[in-house]
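Heads up: the structure comes next, in structure tokens.
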Amino acid sequence: MNKFSRVLLALPLVAVCFSAASAQEMASSSAIPKVLQIQREFLKPGKSGMAHEKTESAFIQALTRAKWPTHYIAMTSLSGKSRALFLTSYPSFEAWEKDGAAADKNASLSAALDRANMVDGELLDSQDQGLFILQEEMSLRPKADLSAMRFMEISTYHVRPGHGKEWAEAVKLVKAAYEKGVPDSHWGMFMQKYGGNGDTYLVLTSHKSLAEIDRGFAEDKQFVAAMGEDGMKKLSELVANCVESSQHQLFAFSGPMSYAQDDWIKSDPAFWKPKASTPAAPKAPADAKKAKP
């Protein structure tokens, strides 16, 4: 569980177990995304792993042939149901619309993506997608380059209707304590705009290795010291009042299923370079798979 998430989850239960947020880097090659599209594919039993990588390779090859400018990151679940996530970044909703419209106008790309969707669909139990917007004031030093990252913690918080101010105040307290007590802490926060319940927030924390999660527990005392006894009490009350529910999941980045930008591939071709395979077919932008770019 990422350190920001452990703080908020633990508060209603025990006001002593906290940790500092570790590095969160999210986005395209040089900018934090203002709009983040997340597609989820829930796999049928036994259909993950290499079987899914093979069908996903068709999408990557189709986009590569088209020299498509919009890239996406793939991750596979290490907790919860077997599923894959595909994250695509956009500077605006207008850019998202234009990307989908351009893909629809490209007849050869659209045909290849449609074929890929049919084949890939045989492995899926279900799929959905959501659109999220960056909460800059609730994020702490998010970075753009994820090329060296291998794991991602994603925590989802459902805030009680009408309690948005308390949530903002709680996050402000946590952020200030991390800045003071753990200067290297980072995270990115996004609010769901479409595709789910209202008042839903995501906290994303990336890691080069899972050893960073182990180290995070050692930083709890620094956070508690920065908060102080009164601050901890106030934070506990705020979270108990405003957070309706939370969920915390761990994912591993998947190089073979990501349509990574060239600089990422050059930085670590063994991980990010698409693997040669005999594809069944390619993936699509804007609705369901057509949303990938």
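The values are calculated or read from the model by the stated rules, or taken from the named source; none is laboratory data. Please read all numbers here as calculations on a predicted model, not as lab measurements. Ideal geometry is used to build each Cβ from the backbone, glycine not excepted, and the neighbour counts take in all protein chains shown.
Scanning for something at pLDDT 95 or above and among the small types (Gly, Ala, Ser), does segment 196-205 turn up at least one residue?
For segment 196-205, residues at pLDDT 95 or above and among the small types (Gly, Ala, Ser): absent.
Considering only segment 196-233, state which residues are in contact with a Leu (Cβ under 7 Å, 6 or more places away or on another chain) and more than 23 Å from residue 78 (Cα to Cα).
227, 231, listed by residue number.
Among the residues of segment 100-112, is any of a type outside the set (A, V, I, L, M) and surrounded by 22 or more Cβ atoms within 10 Å (Cβ to Cβ)?
no
Just give me the residues in segment 203-222 being surrounded by fewer than 19 Cβ atoms within 10 Å (Cβ to Cβ) and aliphatic (A, V, I, L, M), in sequence order.
210, 211, 218
So that you can scan it fast, the table gives a plain yes or no per residue for (1) of a type outside the set (D, E, K, R); (2) in contact (Cβ under 8 Å) with a residue 40 or more places away in the chain:
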residue: 145; (1), (2): no, yes
residue: 156; (1), (2): yes, yes
residue: 161; (1), (2): yes, no
residue: 180; (1), (2): no, yes
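Does residue 142 satisfy the condition of being within 27 Å of residue 155 (Cβ to Cβ) and buried (at least 19 other Cβ atoms within 10 Å of the Cβ)?
Yes: the conditions hold for residue 142.
Of all residues being of a type in the set (Ser, Thr, Tyr) and surrounded by 19 or more Cβ atoms within 10 Å (Cβ to Cβ) in segment 173-199, which is farthest from residue 254 (Cα to Cα)? Just the residue, please.
Looking at residues that are of a type in the set (Ser, Thr, Tyr) and surrounded by 19 or more Cβ atoms within 10 Å (Cβ to Cβ), I get 178.
Return the residues of segment 83-135 that are free of Cβ contacts under 8 Å to residues at least 60 places away in the same chain, under 29 Å from residue 200 (Cα atoms) and either assigned to a strand (DSSP E or B) or of a type in the set (Gly, Ala, Ser) (or both); say none if nothing qualifies.
Hits for segment 83-135 are 83, 90, 92, 121.
Would you point out the residue of segment 66-83, among those that are of a type in the set (Lys, Arg) and farther than 19 Å from residue 272 by Cα, that is surrounded by the fewest Cβ atoms within 10 Å (Cβ to Cβ)?
81
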